[in-house]
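The values are calculated or read from the model by the stated rules, or taken from the named source; none is laboratory data. Not measured: the values here are computed from a predicted model. For neighbour counting, all protein chains shown are included, and Cβ atoms are generated from backbone atoms with ideal geometry for every residue, glycine included. Heads up: the accessible areas ignore ligands, DNA and RNA and are worked out on the full protein's heavy atoms, side chains in. Shrake-Rupley method; radii C 1.70, N 1.55, O 1.52, S 1.80 Å.
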Amino acid sequence: MSRLQGPSPLKRKRPDSNTPSGSLTEHERLLYDLIRSKQDMAIWTRDMKRETNLPDNVVTKSLKSLQTKKLIKEVVNIQNKGRKHYIATEFEPSMEITGGTWYAEGNLDTEFINFLKKHCVKIIYELKVATLEGILDTIRRSRAFNVEFTTQQVEEIVNALVLDNEIMEVKSNGIGEFDSIPVGRVCYTCTSKGGDTGEPKIGALASIPCGVCPQISLCTPDGIISPKTCVYFTKWLDF
Amino acid sequence: MVTEYGIKFTVNLINNHFGNLVAKVCENLLRRGPLTLQLIVRYTELTPQQVKNSLLILIQHNCVQAFSYEQDGGLEDGPKSNTQYMALFNNILHRMRFSKFLEIMSREFDDKCKELLEGLLQHGRLTLKQMVERAKDLAERAKSRKKEGICENLVQESLVKLFTARYVERCPASEPVLAARNKEDTPAKKRGPKSARTAEESQTLEQRVLAAAAPMEAQRFSAITNNESAVGRETSMDDSPGMRVGAKRKYDASELHIEPAAEEEVILWRANFEEFIRCLRHKACIENVRERLDDGAATVLRAMLEATRSLENKVKTEKSVPLSLNNIFEEVMKSEEGRGMTLDLVRASLVQLGCSPSARGTDESYKIDLKKIIELAQNDEVESIVLKRYGRDAYRMFRLLSKNGRLVETDKIANTTFVEKKDAPKILYKLWKDEYLHMEKLVVAGARQSQFLLWKVNKPCLWKHVLDEMFHAALNLSQRVAYEREKEKEFLNLPVDKQVMSQEERLNRLKSVRIVLESSLLKLDDALMLFHDFEESSLLKLDDAIMLSHDL
């Protein structure tokens, strides 16, 4: 997975990348140098035009030519997907452009994230209580993924799971389940005791139609929408 | 916290129980704050007699408390004209919890006690004589051949039990006198049209009045009365301004010097709602712990709360009374489910409950943060609404902000919760529009992105909003019950050949409908208590502080 590799190893190649750019026109060179000067930040076409003062058609033509020569490539900037951004081929777009690890081609890679989340819950459920390092270690040993995760990435996933209320943070007290974990260390454990990560308990208000009613602000005792005429009530009480 | 729908709901309750005239009087008192008789007559446009009768009913049922202000010297135009009537929002609300109170009673005591309480709940306040008579009536109806004397003894016996458990108390003074206050707090201001303001003010006033009316702690739960103590109280009360309790009970002045037996007849007793609420609060805490942790933790918490119940000094106490590990263990052993627990298990449960021992001498003592438990339960309730109404992404975002407690920027929220960057603002906006989130714009000059949106959960505001939604839902449920009943009556009045369903079918349907509606209402009331009755509102505390500075 290329998006997981850092840009640094490619940067070093820069000095000997002169050969393909030897045959560039004046405009192409101007643009290429500009794009390359932005390194992994990429540049928006409008900004190119402004900075080079070249007419539109020249910019468009040159960009096309540079692309066919594989000197530059287009990248999606997640901050602004409608704007075309270009980057020199030797760079990988920065986190700010791609959105970081969890983005693929400008979109949140929900499938990948959810898969990883499920995997983490499974690990925590099996371990009963797990530290961040424990989870990371299990992922590495399981070889379910062909990518390496950093501690920070796993932490982000685990934090999201806490927000999902599927797992919760607990502090080790060194007794019982915690006996292999130093006292005071933050660990994670599954919220639902059965291990099946179902919906959290539905509250009193949320379990009646009024609790989720989109029209509640329009509902009055004698109004057009009222408990007497309410369709949600009628549906709820249809025995 | 008295919210708009809170008032609507309580007025609806009064309307269902006592009819529309009483409800009208009650609504005016709730909305405008304390009023004199003349003003009630003017606002309600009822006859003075109707208003008087309504007030009598409300006072009898502990829904209204009368009081008056101390007159400035020289300007005596008769204290009667200055009597103010104040609706007691909480007590009205408790009227829908009678079934819960009775359930507590039947769990802890025998049938006799339950009957006694039933009488008090039904009639609001009763004298000992009335209670005895009621018991006699019941016994006669049950055709039991108990002698009258036994009946009286039984009632007294039950009463003593209920006094000890603090479930029954002496009624407060009928019209306590408050010390005159600063000009801006005079009653004229209280009647102002701004209902929100009056509601807030009258709450603190309510506390003052209730404190002034409350009988002395020693007498509150004791049936023993004699001349000496009554007179003694009279004089001691007179010394402190604004607390002249004794003299205000109508009968007192004339009957003080009559024999004790006669006085017993005029002492009124009532159910002590406060104690029942404390009991329900404990129960809610225990059940919440059972759900979140396990049975062991719940057992330990219950044992601790039961052991220290009489030592708690107020209903909404934040932390349980500290108890040593040995004491806790002893208490745990007393209960059936706790008998299997070892000292180590008890200690582990205490850790689970989040309390670390505070060393006091050689003994470790533990106390439990009840406020925290209530808070967690409140969070669960609100979060579950967010999940159901706005979906899982919103749920995650809301939980992030709720845990964080401070402003967070849109993109940061999207990143942490794994929500698509373009979706995040939409979801946040929806939550903001429905008053679930607070938003602030941050404009940074010079930078490329000059405007950021910051979001946070403003708990005091949101809690009030959720409470109002709960009252609204409760009102809807009870109105739907009434509507279903009405429909049923109409159906039964139809000629038989026009009835589509058989009567039996219809009645079965109504029964299930009512079970669903009424059980939902009871459950919703549990949540209402969580937000309204179990926690000291921070708003109130602030108000208290302001008042204190005023008074000083």
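Odds and ends about this structure:
- Test: residue in segment B:483-493 that is more than 14 Å from chain A (Cβ to nearest Cβ) and assigned to a loop (DSSP other than H, G, I, E, B): no
- Only helices (runs of 4 or more DSSP H) whose full extent lies in segment B:85-138 are considered here, and the ones with at least 1 residues that are in contact with a strand residue (DSSP E or B) (Cβ under 8 Å, 6 or more places away or on another chain) are B:98-108, B:111-123.
- Annotation: of all residues in segment B:483-528 being at pLDDT below 90 and of a type in the set (A, V, I, L, M), the one that is farthest from the chain's Cα centre (by Cα) is B:VAL496.
- Single condition B:LEU29 does not satisfy, out of (1) touching a strand residue (DSSP E or B) at 6+ places or on another chain (Cβ under 6 Å); (2) open to solvent by 20 Å² or more (accessible area, probe 1.4 Å): (2)
- Search result, residues across segment A:224-239 that are open to solvent by 70 Å² or more (accessible area, probe 1.4 Å), of a type in the set (A, V, I, L, M, F, W, C) and more than 9 Å from chain B (Cβ to nearest Cβ): A:ILE224, A:VAL231
- Against the list (1) modelled with pLDDT of 90 or more; (2) open to solvent by less than 40 Å² (accessible area, probe 1.4 Å); (3) in a loop (DSSP other than H, G, I, E, B), the condition A:CYS210 fails is (3).
- Any hit, segment A:31-41, residues being within 14 Å of another protein chain (Cβ to nearest Cβ), touching a helix residue (DSSP H, G or I) at 6+ places or on another chain (Cβ under 6 Å) and outside any strand (DSSP E or B): no
- Cβ-Cβ distances below 8 Å connect the following pairs, each with a first residue in segment B:96-125 that is without any contact (Cβ under 8 Å) to a residue 60 or more places away in the chain, a second residue that is part of a helix (DSSP H, G or I) and acidic (Asp, Glu), and a separation of six or more residues or different chains: B:LEU102/B:GLU118; B:LYS112/B:GLU157.
- Test for A:THR98: is it farther than 29 Å from B:VAL419 by Cβ and either of a type in the set (Val, Ile, Thr) or at pLDDT below 80 (or both): no
- Helices (runs of 4 or more DSSP H) fully within segment B:378-481 that include at least 2 residues being at the interface with chain A (Cβ under 8 Å from one of its Cβ atoms): B:392-404, B:410-417.
Let's see how each residue does on (1) farther than 21 Å from A:LEU205 by Cβ; (2) free of Cβ contacts under 8 Å to residues at least 24 places away in the same chain; (3) surrounded by 16 or more Cβ atoms within 10 Å (Cβ to Cβ):
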position: B:LEU400; (1), (2), (3): yes, yes, yes
position: B:LYS430; (1), (2), (3): no, no, no
position: B:VAL443; (1), (2), (3): yes, yes, no
position: B:VAL457; (1), (2), (3): no, no, yes
position: B:PRO460; (1), (2), (3): no, no, no
position: B:MET470; (1), (2), (3): no, no, yes
position: B:ALA473; (1), (2), (3): no, no, yes
position: B:SER478; (1), (2), (3): no, no, yes
position: B:VAL481; (1), (2), (3): no, no, yes
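- In segment A:77-97, the qualifying residues are those that are within 12 Å of chain B (Cβ to nearest Cβ) and either of a type in the set (Asp, Glu) or buried (at least 20 other Cβ atoms within 10 Å of the Cβ) (or both), and the one that is nearest to A:ILE35 (Cα to Cα) is A:ASN77.
- A:PHE112 meets each of the listed conditions (1) open to solvent by 30 Å² or more (accessible area, probe 1.4 Å); (2) outside any loop (DSSP other than H, G, I, E, B) apart from (1).
- Of the criteria (1) farther than 19 Å from B:ALA377 by Cα; (2) hydrophobic (A, V, I, L, M, F, W, C); (3) open to solvent by 20 Å² or more (accessible area, probe 1.4 Å), which one B:ILE328 fails: (3)
- Lone unmet requirement of (1) without any contact (Cβ under 8 Å) to a residue 60 or more places away in the chain; (2) in a helix (DSSP H, G or I); (3) open to solvent by less than 40 Å² (accessible area, probe 1.4 Å) for A:VAL121: (1)
- Residue match in segment A:132-151 (condition: closer than 26 Å to B:ALA348 by Cα and open to solvent by 40 Å² or more (accessible area, probe 1.4 Å)): yes
- Test: residue in segment B:244-264 that is in contact with a Leu (Cβ under 8 Å, 6 or more places away or on another chain), outside any loop (DSSP other than H, G, I, E, B) and either open to solvent by less than 70 Å² (accessible area, probe 1.4 Å) or at pLDDT below 75 (or both): yes
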